[in-house]
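The values are calculated or read from the model by the stated rules, or taken from the named source; none is laboratory data. Only a predicted model underlies this, so the values are computations on that prediction, with no experimental measurement involved. Don't worry about glycine lacking a Cβ; one is built from the backbone with ideal geometry, like all the others, and counts go over all protein chains shown.
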């Protein structure tokens, strides 16, 4: 738990040197060699009632979830997905980190372990939770890279919200203005929006 108690976010690197990433357009997970994108970032939530358990939330706001659905019929591995939080199924989002050497194993609610698969499709780059055999024991080992987050203060957040609301209100206005006033107004709001975009880009750095 030491990696997760001391940090707010991590990246997880499989035995293949690939990162656990969360796709944007669905609930899929996969391994990727690109560890520089936000897709590889996982925010840590401690489970209050279980001191040795955590939840991992992708930057999409969905949780790393161990399901009881087989990855392939007749095979032992079950699917791992990213899912929206459901309080009635809270235990499915919980993982127990277990240190092994310099790496960690992540044990799911049913006692199986998060596994980064190799081999040919459909196994290649897939993610399951499974009971490892001696031949695939290292497949359940994950390197943990701590990520330092730099977030804007509350004052800046409020300023961004004000700018966003004001800019929408201004350009949707039906009031008549002359051409010179219109040009001046648009330049002013363009400057504010530029400031907003610059601040948004600096919200999270890793």
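Take the residues in segment 36-62 that are in contact with a helix residue (DSSP H, G or I) (Cβ under 7 Å, 6 or more places away or on another chain) and closer than 13 Å to residue 108 by Cα, then tell me which one is surrounded by the most Cβ atoms within 10 Å (Cβ to Cβ).
54
Tell me the residue from 15, 60 that is farther than 14 Å from residue 142 by Cβ and in the same structural domain as residue 137 (by TED's automatic domain parsing), please.
On the way: 15 fails: farther than 14 Å from residue 142 by Cβ.
Among 15, 60, only 60 is farther than 14 Å from residue 142 by Cβ and in the same structural domain as residue 137 (by TED's automatic domain parsing).
Per-residue answers, yes or no, for (1) farther than 30 Å from residue 72 by Cα; (2) surrounded by 14 or more Cβ atoms within 10 Å (Cβ to Cβ); (3) modelled with pLDDT under 50:
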{"residue": "91", "(1), (2), (3)": "no, no, no"}
{"residue": "106", "(1), (2), (3)": "no, yes, no"}
{"residue": "114", "(1), (2), (3)": "no, yes, no"}
{"residue": "121", "(1), (2), (3)": "no, no, no"}
{"residue": "124", "(1), (2), (3)": "no, no, no"}
{"residue": "148", "(1), (2), (3)": "yes, no, no"}
{"residue": "160", "(1), (2), (3)": "yes, yes, yes"}
{"residue": "167", "(1), (2), (3)": "yes, yes, yes"}
{"residue": "181", "(1), (2), (3)": "yes, no, yes"}
Worksheet item: So which residues in segment 99-120 are in contact with a strand residue (DSSP E or B) (Cβ under 8 Å, 6 or more places away or on another chain), more than 13 Å from residue 55 (Cα to Cα) and assigned to a loop (DSSP other than H, G, I, E, B)?
Response: 102, 110, 112, 117
Practice prompt. Specify the residue that is surrounded by the most Cβ atoms within 10 Å (Cβ to Cβ); the eligible residues are those in segment 126-141 that are touching a residue at least 40 places away in the same chain (Cβ under 8 Å) and either out of contact with any helix residue (DSSP H, G or I) (no Cβ under 8 Å at 6 or more places or on another chain) or in a helix (DSSP H, G or I) (or both).
Written response: 129
